[in-house]
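All remarks here apply to the structure that follows.
The values are calculated or read from the model by the stated rules, or taken from the named source; none is laboratory data. Remember, it's a predicted structure, so these values are computed and weren't measured experimentally. Cβ sites come from the backbone with ideal geometry, for glycine too, and all protein chains shown count toward neighbours. These accessible areas exclude ligands, DNA and RNA; they are computed on the full protein's heavy atoms, side chains included. Shrake-Rupley method; radii C 1.70, N 1.55, O 1.52, S 1.80 Å.
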Amino acid sequence: MTAASGAVRTVCVVGSGGREHALAEVLGRTVDVIITPGNPGMNGVTPSGHTLTSLDRPAEEIDADLFVIGPEVPLVNGLADRLRAQGKLVFGPGADGARIEGSKAFMKELLAEAGIPTARFGTFDEPEAAKAFLRTLPPPYVVKTDGLAAGKGVLVTDSLAEAEADIDAKLSGDSFGPAGERVVVEEGLTGPECSLLVICDGTRLVPLAPAQDFKRRDDNDEGPNTGGMGAYSPLPFVDDDLVARLVEESVAPLLGVLRARGIDYRGVLYAGLMLTPSGPKVLEFNVRFGDPETQVVLPRFEGDLAALLAEAAAGELVSTPRFVDDAAVCVVMAARGYPEAPEVGDPVEGLDEAGAMESVTVFHAGTRQVDGGPVVTSGGRVLGVTALGSSIAEARSRAYRAVEAIGWPGHLHRRDIAARVAESESVR
Ligand code: AMP
Ligand code: GLY
């Protein structure tokens, strides 16, 4: 423990999703937590007697010893800079570092500069040039918005015609507005994916346990890309040696390039990696915890999360994160119409019953409650139903049992989260 981490009694978490709920629960083991704006799930007293309080007020007006900023949008908009200018201790990069996520073209430029393996790519604002480059690549074709699109701005397709139409729709501003007026076209990669969250204090970095996320909306990885429909941790195919290699080859060089540019990056670097036949490659970097990866990584965290994040925020990272052997599986329950046009306002049944089940936590994401009335849906991803178990199979069956207890009209969820890995576990 350092001077900075020892002084933390109250932490303010900025955000209102499932990721922030998981952060609040795990921080709440050792400190009181205020979440702004929070949601109905983030209120109460933790088993260790600390309070969780949702409070819809600007972070700049909240009194706390440490600020943890959840989503990318406030980071890109400079909230960490504004809080630091008030003398606050902040976990999260300033606008200079957050640009990595705010512009995929900028991220790709830094990856090239740092020599980090990634898909071949080109950046375009003219459709004809983008299509000409696309035609030089073999399928699958990948077209990404340059700007922020909540995980939905990526098209991966075997159809050249679909990829070309997507370039037109993005560059014209029709499909994603200004975020799509520049696109990154890149080589399609194959292999299992791994999300690695790495805590950075500007100079030093330590990884958290790896997780895998399910990006497509429907079973068998079909349907549109989403923010993430479920996750599990640990990954049987990513051991500690591979994590160390990924940090050394793919994350540390980025922190080095940021430092060389005078960017003091204190927060989490989220590397989205694909383990391709020719070695691990970076698909993307995000400047925040993953959602729903956080909902499976943090419940496995052992120790004092507030101290770890305070150390990083103070530039004094000394702790080594440890994780329980138990596995965690999270199944996201989404509203009908997600991701294009989610229907909201439906009362959610069964929350208490599911939340009382063994080793289950129901993280709230898109929920709302007015004047003590029923909890109703208020966003696309509504809940992240997470369970721990001694194996992935056990965690998975607990999570799905809890999902079965919850409902509202037209809710949707994938039925195959962590299914393949649970099956392979049973034949080992
Ligand atoms: P991103 O937001 O860049 O991580 O992309 C979202 C998802 O699209 C990733 O998790 C992958 O499943 C897929 N994807 C992105 N880039 C590629 C690529 N170059 N090749 C194959 N799939 C990709
Ligand atoms: N689960 C993907 C993300 O957080 O970007």
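Details
- Calculated translational diffusion coefficient of the stretch 18-92 (25 °C, 0.890 mPa s; Stokes-Einstein with Kirkwood radius over alpha-carbon pairs) equals 194 µm²/s.
- Difference of contour (0.36 nm per residue) and Cα-Cα distance, D371 to S390: 2.9 nm
- Using a simple spin-label model with pseudo-atoms 7 Å out from Cα toward Cβ, A95 and D56 lie 2.6 nm apart.
- Legend: calculated FRET efficiency, V73 to T203, from the Cβ-Cβ distance at R0 = 30 Å, rounded to 0.05, equals 0.65.
- Projected onto planes of every orientation and averaged, the convex hull of the alpha-carbon atoms in the chain covers 19.6 nm².
- Near F323: Cβ cut-off under 15 Å, other residues only, Lys/Arg at +1 and Asp/Glu at -1. The net charge is -4.
- Cβ-derived FRET efficiency at R0 41 Å, D264 paired with V324, nearest 0.05: 0.80
- Note on the stretch 142-292: Kirkwood radius taken over Cα pairs, Stokes-Einstein applied at 4 °C and 1.567 mPa s, translational D equal to 78 µm² s⁻¹.
- Exposure ranking of T190, T226 by accessible area [1.4 Å probe, largest first]: T190, T226
- Estimated FRET transfer efficiency (R135, S172; beta-carbon r; R0 22 Å; 0.05): 0.65
- Once each of the GluC sites (Glu not before Pro) sitting in a DSSP loop with at most 14 other beta-carbon atoms within 10 Å is removed, the chain keeps 1-339 as its longest stretch.
- Rounded to whole Hz, the Karplus (6.51, -1.76, 1.60) HN-Hα couplings of the stretch 273-285, x for glycine and proline: 10, 10, 8, 7, x, 9, x, x, 9, 7, 8, 6, 10
- D219 exposes around 50 Å² of accessible area when a 1.4 Å probe is run over every protein chain in place.
- Other residues within the sphere of radius under 14 Å centred on the Cβ of R204, judged by their own Cβ, net out at -3 (K and R +1, D and E -1).
- Overall shape of the stretch 107-212 was characterised from the C-alpha gyration tensor. The equivalent ellipsoid obtained from it has semi-axes of 27, 16, 14 Å, in decreasing order.
- Dipole in debye (nearest 20) - the stretch 114-217, about Cα centre, beta carbon charges: Lys, Arg +1; Asp, Glu -1: 380 debye
- In loop segments of the stretch 91-159 as defined by DSSP, the trypsin sites (Lys or Arg not before Pro) with at most 16 further C-beta atoms inside 10 Å of their C-beta are R120, R135.
- If the segment from T190 to E423 were pulled out straight at 0.36 nm per residue, it would be longer than the present Cα-Cα gap by 81.7 nm.
- Local electrostatic count at D146 - Lys and Arg +1, Asp and Glu -1, tallied over other residues with Cβ under 10 Å: +3
- Per residue, the convex hull volume that the Cα atoms of the stretch 3-54 enclose (Å³): 64 Å³
- Secondary-structure-derived ellipticity at 222 nm for the chain, considering helices only, amounts to -8000 deg cm²/dmol, per-run term -39500 (n - 2.57) for DSSP H runs with n ≥ 4.
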